[in-house]
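Below is one structure, written out as structure tokens; the observations come after it.
The values are calculated or read from the model by the stated rules, or taken from the named source; none is laboratory data. In this text, all values refer to a predicted model and were calculated from it rather than measured experimentally. Cβ: placed from backbone, ideal geometry, glycine included. Neighbour counts: every protein chain shown.
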Amino acid sequence: MTNRLLNNLNEQQIDAVKTTEGYVRVIAGAGSGKTKALTSRFAYIVEELGVSSSNILCVTFTNKAAEEMRKRVKALIGDNADVSLISTYHGFCVRVLREDINKILYPKSFIIMDVEDQKTILREVFAELNLTSKDLSFKTALREITVRKSSLEYLEYILEGRKDKGQNEMDRIFQRYIEKQQRNFALDFDDLMNYAIYIFKKHEDVLVKWQKRICYIQVDEVQDSSEKQFSFIEMLSQINKNLFIVGDPDQTIYEWRGATPKILVDFDKYFPDTKTIIMNQNYRSTPNILNLGNHIIKRNTIRVDKDMFTENVQGVDVVHFHGSTETEESLWVVNEIKELVKEKNAKYSDAAILYRANHVSRSIEQALIKENIPYTIYGGIRFFERREIKDILAYLRLLEFGDDFSFLQVINLPTRGLGRKFIENVSKYAELSNASLFNALIENINQPELIRSGALEFIKLIDELKILKRIKSISDLVKDILDKSGLTKVIRADGDEDRLNNIKEFVNSIILLENESGENISLEEYLQEISLFTNMDLKDGSIDKVKLMTIHTSKGLEFPYVFLSGFSEGILPSAMSISERTASALEEERRLTYVAITRAEKGFYITESEGYNFNTGSNKYPSRFLFEINEAFYVRKGTLRQEVIEEAKQSFEREKEKLALLEKRKNLVLFSVGDHVNHPILNKGRIIEVNEIKGEYTVLFEERNVTRPINFLYGRLEKIEI
Ligand code: ATP
Ligand code: MG
């Protein structure tokens, strides 16, 4: 038995597997067999020590990685093993709470809220406090709620009735938000671990029960654990003192969410008896791919240098493809995949297309569909099925076809007070006259059940859009739909960057099509073209599909062929993370690139293209990281013109200056969102936004009900308590 487990492991891995007791840390680069060692160790503990798998806690970062780990463990110790303690941090917290939350008088059937539920609560809170999205976007409010939940203090407020003293706007929002949560016994994502820690702290018997039950703890991807997550795990290890952690500091990609790679680096300082195991051999990738990864990550200044080697065969060259348009880039990727299938006997599922931002999938998906290649999006939704895109398409269809499906989708979107009852009434008239719902509504609008201000507004809106349809291009029409219907306002209130980006990407794709087709394309033609992408037969049973996912989702996974697409400045590195977090963000973006490269086994391809970049508002050009790579490391396909290179380099210079300015501004911030201030002329106001990029606050002056941008340097705002 042991032999079967140990046979295909190297010396360091065997060491890791056999050192079952005490504090052990494995630090090693990508693809060196860390997860393999960890899963083998799990099996070893079960088979050689005779400890049940339900006494071994194994945590990792993403659901996908946890799933992969469960699969590998089951392959070693059999399908019937209980692997429910192989989980994410949050998954494990839910497990604890389902068992013990009654200690704090919550029902075991407590509700777990998702972001949409959170927004529902916020909507109520905003209404009660007479706030609108002009005062604060949901996104900002949610971010502030997370900040306030980073300490456990709020739990004393809701669970022990201690009164909160904070009094600014955000404090009031927060207070009501958590009161509503409690009334519904609803926990949001941040609460899960907080509640578990709280119960452990207040009820020692519960803590001891879990500490005894969990004899061994293993943590994978520890570089992305936050301080809180780690101390939670550490607390659980205090009786048995068997804690095995595994990670690669170069793959930290969640620093923006509190990851502290320091835990891995300083582990031996917390636990002086720590045994450290280093692994240097990479088993995943060809030397070409591995060398490229090593080469890129060396640029980071905050890191411990380590070099990986491999005995794998040389394999093929890494390829960079530069497309003159996005369409060309995507078609190239798709054709390359077809070649791999034809020439190298690869399967579609051997290919993964990775990207930094969700909206990048749009043009790739269109190319895949055009070429009839099945694909699946890991942890995401197909572009044309994303809600915000479907909503706009429904408006377009209603304008063109006046059909019932589109009508039903948009009649109450955004809310016009036209609920189910109203629609039933419209249906009755439609049946009577055998007309479409929309026509029935128009013809019978004067009937008492139908004459509502929302309905009149809707008819007027559609009439107006129909006129615009005749004179405007489709891309402009879409902008009008968004503005005039109020959809933009709703999405702005949400402040969901992803949805806004998807819409920009959508408009962008239409402009591209309009430019490519030369002459004006009609709405009917456009909808016909697009129906190919929206009426997909989703039930296609094939499991052999190309995999699309963000780099974040790809962590810990591996694929024979990897395409890193959308390798453009502003996408990777992302414009936003750089402007928000500056230098340290840039290193994290570089680590993301490293993670993407090191997912590949046999082939690695980088692609990017020219065109318009709505993230930066300028032309697209290759990522600065491409220029950091010595050209000896890859071959280039497609023509990268000198002008594009020049343009890129100039913009990097400008960017550098901007960064320096930004760093300076960061030190000037005196107030935060929700603070009340006094202005010598405009009187009392409230900070509703702090914009470090522009170097200004947005202040709402309540007496006058106006907002004004006030420069950081102004110096005459004074904080006041209310
Ligand atoms: P990452 O940092 O990306 O999570 P990792 O260090 O966890 O990588 P694994 O996923 O465990 O690496 O292993 C990478 C690949 O190498 C897997 O396909 C695994 O089966 C293989 N592998 C690991 N160790 C060995 C070994 N000793 N001999 C042969 N193959 C190995
Ligand atoms: Mg791993």
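The single residue among VAL26, VAL51 that is more than 29 Å from the chain's Cα centre (by Cα), more than 27 Å from LEU155 (Cβ to Cβ) and of a type in the set (A, V, I, L, M, F, W, C) turns out to be VAL51.
Within the range 621-635, being surrounded by 14 or more Cβ atoms within 10 Å (Cβ to Cβ) and either free of Cβ contacts under 8 Å to residues at least 12 places away in the same chain or over 17 Å from SER577 (Cα atoms) (or both) holds for TYR621, PRO622, LEU626, PHE627, ILE629, PHE633, TYR634.
When the range 662-705 is examined, which residues are found to be assigned to a helix (DSSP H, G or I) and touching a residue at least 24 places away in the same chain (Cβ under 8 Å)?
At the first step, the residues of the range 662-705 found to be assigned to a helix (DSSP H, G or I) are 662-666.
LEU662, GLU663, ARG665, LYS666, listed by residue number.
Being more than 9 Å from ligand 2 (Cβ to nearest atom) and not hydroxyl-bearing (Ser, Thr, Tyr) is the filter here, so list the residues in the range 38-52 that pass it. Steps first, please.
First, pick out the residues of the range 38-52 that are more than 9 Å from ligand 2 (Cβ to nearest atom): 39-52.
Across the range 38-52, the qualifying residues are ARG41, PHE42, ALA43, ILE45, VAL46, GLU47, GLU48, LEU49, GLY50, VAL51.
Within the range 658-699, the set of residues being buried (at least 18 other Cβ atoms within 10 Å of the Cβ), in contact with a strand residue (DSSP E or B) (Cβ under 6 Å, 6 or more places away or on another chain) and more than 16 Å from LEU713 (Cα to Cα) comprises VAL673, ASP675, HIS676, GLY685, ARG686, ILE688. Scoring SER53 on the criteria (1) within 16 Å of ligand 1 (Cβ to nearest atom); (2) within 24 Å of TRP210 (Cβ to Cβ); (3) without any contact (Cβ under 8 Å) to a residue 60 or more places away in the chain; (4) of a type outside the set (A, V, I, L, M) leaves a single failure, condition (1).
Criterion applied to VAL334, VAL360 was being free of Cβ contacts under 8 Å to residues at least 60 places away in the same chain, surrounded by 15 or more Cβ atoms within 10 Å (Cβ to Cβ), of a type in the set (Val, Ile, Thr) and in the same structural domain as GLU587 (by TED's automatic domain parsing), and the one residue passing it is VAL334.
Of all residues being assigned to a strand (DSSP E or B) and within 16 Å of ligand 1 (Cβ to nearest atom) in the range 196-235, which is farthest from GLU588 (Cα to Cα)? Just the residue, please. Give the steps one after another, and end with the answer.
Of the range 196-235, the ones assigned to a strand (DSSP E or B) are 216-219, 226.
Okay, now just the ones that are also within 16 Å of ligand 1 (Cβ to nearest atom), so 218-219.
Values: GLN218: 25, VAL219: 21 Å.
Out of the qualifying residues, it is GLN218.
Examine the range 657-665 for a residue that is among the small types (Gly, Ala, Ser) and at positive phi, and state whether such a residue exists.
Filtering the range 657-665 down to residues among the small types (Gly, Ala, Ser) leaves 660.
Then keep just the ones that are at positive phi; that gives none.
Taking every residue of the range 657-665 in turn, none turns out to be among the small types (Gly, Ala, Ser) and at positive phi.
Can you say whether ASN372 is in the same structural domain as LEU564 (by TED's automatic domain parsing) and in a loop (DSSP other than H, G, I, E, B), as far as the supplied structure shows? Here the answer is yes, as ASN372 does meet what is asked. Note on the range 54-70: residues that are modelled with pLDDT under 95, part of a helix (DSSP H, G or I) and buried (at least 16 other Cβ atoms within 10 Å of the Cβ) amount to 6. Any residue that is more than 16 Å from ligand 2 (Cβ to nearest atom), of a type in the set (Asp, Glu) and either touching a helix residue (DSSP H, G or I) at 6+ places or on another chain (Cβ under 6 Å) or in the same structural domain as VAL73 (by TED's automatic domain parsing) (or both) - is there at least one of those in the range 225-238? Among the residues of the range 225-238, at least one is more than 16 Å from ligand 2 (Cβ to nearest atom), of a type in the set (Asp, Glu) and either touching a helix residue (DSSP H, G or I) at 6+ places or on another chain (Cβ under 6 Å) or in the same structural domain as VAL73 (by TED's automatic domain parsing) (or both), which makes the answer yes.
PHE61 - would you say it is within 14 Å of ligand 2 (Cβ to nearest atom), farther than 19 Å from GLY379 by Cβ and touching a residue at least 60 places away in the same chain (Cβ under 8 Å)?
Details: within 14 Å of ligand 2 (Cβ to nearest atom): yes; farther than 19 Å from GLY379 by Cβ: no; touching a residue at least 60 places away in the same chain (Cβ under 8 Å): yes.
No, not satisfied.
Could you go through the range 568-591 and let me know if any residue there is within 16 Å of ligand 2 (Cβ to nearest atom), surrounded by 23 or more Cβ atoms within 10 Å (Cβ to Cβ), under 23 Å from TRP332 (Cα atoms) and modelled with pLDDT of 90 or more. No, the conditions are met nowhere in the range 568-591. Of the set (1) more than 28 Å from the chain's Cα centre (by Cα); (2) touching a residue at least 60 places away in the same chain (Cβ under 8 Å); (3) not assigned by TED's automatic domain parsing to the domain that holds LEU572, all apply to VAL319 but (1).
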